[in-house]
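Beneath this line is the structure, given in C-alpha cells, with notes to follow.
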Amino acid sequence: MDKEQRLRVAIQKSGRLTDHSLDLLSRCGLKYSRGKDQLLCYGENMPLDVLLVRDDDIPDLVREDVCDLGIVGGNVVNEKRLSFLARGVEPLFEVLQSLDFGRCRLSIAVPDNFNYTGPQSLAGRRIATTYPHTTSHWLAENGVPAEVVTLSGAVEIAPRLGRADVICDLVSTGSTLQANHLRESEVVMQSQALLIRTPVPLPQAKEDWLNRILLRIDGVQQVKESKYIMLHAPRSALAEIRRLLPGSESPTIIPLEGTTDKVAIHAVCRENVFWETLESLKRAGASSLLVLPVEKMLA
Ligand code: PRT
Ligand code: ZN
C-alpha cells in the first residue's frame, strides 16, 4: 500500500461507531475488501483504506500521521486534546466535520439521594470518570475544587462501591444511570462522531480526494432526512402549500394536461415529511401525494 498515494482512515474496530462509520464510507461510494488480519480494509474503487482500531487510539494515529483521517467520538477527541495540551504536545489534529451519529453527552450524575443544587454541591467530593481531563477542565471552569478519580470502566457502580461520591460518564438514553440509582445533574459536554485529519499537509492528489470525500459526506448527511415530494394542487392553494412543505427551496410547478387551475408540485424537503404534514397538505387542497426517499444529492 503506497502511503504517498492512498488516504488512510482509522475507524473503531468493534463498538458503537463501527457500523455507522462503515455505512458512511459505503454511502460515499467506497467498496472495500477486508484483509486477512481483519485490521485493514482495502478500498477497491477509491484510493482510501480503512484501518480498524480501538477508538481511544484513533486521535494518536491521526496526530502521529500514521492515518490521514479518523472517525471518533467528540468525547474522545476532547479528552485527548486536553491531555496533549497539558503535556505541551502540538500540533494535534484538525476536526473537519461533525458526523450525524454517535450522539451522547458527558454528564455529572449523582446518587438519587444526593442533594444537588448546582456545581458547588460537588465541592470536596470525589468524582469517578474515564474522562479525567474533560472533567477537571469543567470543574476548573466552574471554580469547583473536587477530586477526580480516574477509572478505566464500570464508572456507574463506583458510588455504590464507595470509590467515589458522584460520577461523570457518557449518557444516551439514561437507562444505565437509572438502573444504578443515579440522576443526571449537569451536562459537561455534548458529543457526536467527528471526522478528524492529520495536521501534516497532504500531497495534492490525496488532498483532492479528501475534498471529494468531504463533499460526498455532506451529500450523505443532507439526504438522510431529505424527501422528494410530489403532489397535485389547485393554483389558488399554492402559497399555503409552499408554506407547509418542510425545509424546501423553490418547488418545481408543472401545469397538468387538460386542466387550467391545477398544477403538479415537485419539491425536495430537507426535513422528514411526517403524516401530519401530509394531512395538512391534503386539507390545504393537495391530492395525489407521493413522498420518495432521496438517494444522492450534490449541491
Ligand atoms: O473497544 P473500544 O475502546 O473501541 O470501545 P469503547 O468501549 O471505548 O467505546 P463504545 O463502543 O462503547 O463507544 C464508542 C463511542 O460511542 C463513544 O466514545 C461515544 O462517542 C459514543 N457513544 C454514544 C457512547 C454512548 N452513546 C453510550 N451510551 N459511548 C458509550 N455509551 C455508554 C456509556 O458509557 C454508559 O455505560 O452507554 C452507557 C449509557 O448508555 P444509556 O443509553 O444507558 O444512557
Ligand atoms: Zn474506547
(message) Scan region 84-92 and tell me whether some residue there is more than 14 Å from the chain's Cα centre (by Cα) and open to solvent by less than 30 Å² (accessible area, probe 1.4 Å).
(response) yes
(message) For a quick check of your reading: which helices (runs of 4 or more DSSP H) sit entirely within region 186-299 and have at least 3 residues that are surrounded by 12 or more Cβ atoms within 10 Å (Cβ to Cβ), assigned by TED's automatic domain parsing to the domain that holds PRO91 and hydrophobic (A, V, I, L, M, F, W, C)?
(response) 204-225
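Of all residues in region 166-185 being charged (D, E, K, R) and open to solvent by 40 Å² or more (accessible area, probe 1.4 Å), which is nearest to THR135 (Cα to Cα)? Can you show your working first?
Going through region 166-185, the residues charged (D, E, K, R) turn out to be 169, 183-184.
After this cut, where a residue has to be open to solvent by 40 Å² or more (accessible area, probe 1.4 Å) as well, the list is 183-184.
Working: ARG183: 17, GLU184: 15 Å.
Among them, the one singled out is GLU184.
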(message) Just the residues that are under 22 Å from ARG216 (Cα atoms) and free of Cβ contacts under 8 Å to residues at least 12 places away in the same chain, please, taken from region 19-40.
(response) ASP19, ASP23, SER26, SER33
(message) I'd like to know if region 179-187 contains one or more residues that are over 23 Å from SER136 (Cβ atoms) and away from ligand 1 (no atom under 11 Å from the Cβ).
(response) yes
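Could you pull out the residue among GLY102, GLY70, GLY74, GLY88 that is touching a Phe, Trp or Tyr at 6+ places or on another chain (Cβ under 8 Å) and either at pLDDT 95 or above or over 15 Å from THR134 (Cβ atoms) (or both)?
One residue alone meets the criteria, GLY70.
Evaluate the following for ASP57: is it open to solvent by 30 Å² or more (accessible area, probe 1.4 Å), within 13 Å of ligand 1 (Cβ to nearest atom) and farther than 22 Å from SER175 by Cα?
Details: open to solvent by 30 Å² or more (accessible area, probe 1.4 Å): yes; within 13 Å of ligand 1 (Cβ to nearest atom): yes; farther than 22 Å from SER175 by Cα: yes.
Considered against the rule, which asks whether it is open to solvent by 30 Å² or more (accessible area, probe 1.4 Å), within 13 Å of ligand 1 (Cβ to nearest atom) and farther than 22 Å from SER175 by Cα, ASP57 comes out as yes.
Suppose we keep only residues that are under 13 Å from ILE71 (Cβ atoms) and without any contact (Cβ under 8 Å) to a residue 60 or more places away in the chain within region 44-53. Which one would you say is nearest to ligand 1 (Cβ to nearest atom)? If you could, list the steps in order and put the result at the bottom.
Here is the first cut: in region 44-53, the residues under 13 Å from ILE71 (Cβ atoms) are 48, 50-53.
Within this subset, residues satisfying the condition of being without any contact (Cβ under 8 Å) to a residue 60 or more places away in the chain are 50-53.
Values: VAL50: 15, LEU51: 13, LEU52: 10, VAL53: 8 Å.
Once the filter is applied, the top-ranked residue is VAL53.
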(request) Take region 17-54 and flag every residue that is more than 13 Å from ligand 2 (Cβ to nearest atom), open to solvent by 20 Å² or more (accessible area, probe 1.4 Å) and more than 25 Å from GLU295 (Cβ to Cβ). (result) ARG34, GLY35, LYS36, ASP37, GLN38, LEU39, LEU40, TYR42, LEU51
(message) Among the residues in region 68-83, are any open to solvent by 10 Å² or more (accessible area, probe 1.4 Å), within 30 Å of ALA140 (Cα to Cα), acidic (Asp, Glu) and within 16 Å of ligand 1 (Cβ to nearest atom)?
(response) yes
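The values are calculated or read from the model by the stated rules, or taken from the named source; none is laboratory data. Nothing here was measured: the structure is a model prediction, and the numbers come from that model. Using ideal geometry, Cβ is built from the backbone for each residue, glycine included, and neighbour counts are taken over all protein chains shown. For the accessible areas, the whole protein counts, side chains as well, though only heavy atoms, and no ligand, DNA or RNA atoms are used. Shrake-Rupley method; radii C 1.70, N 1.55, O 1.52, S 1.80 Å.
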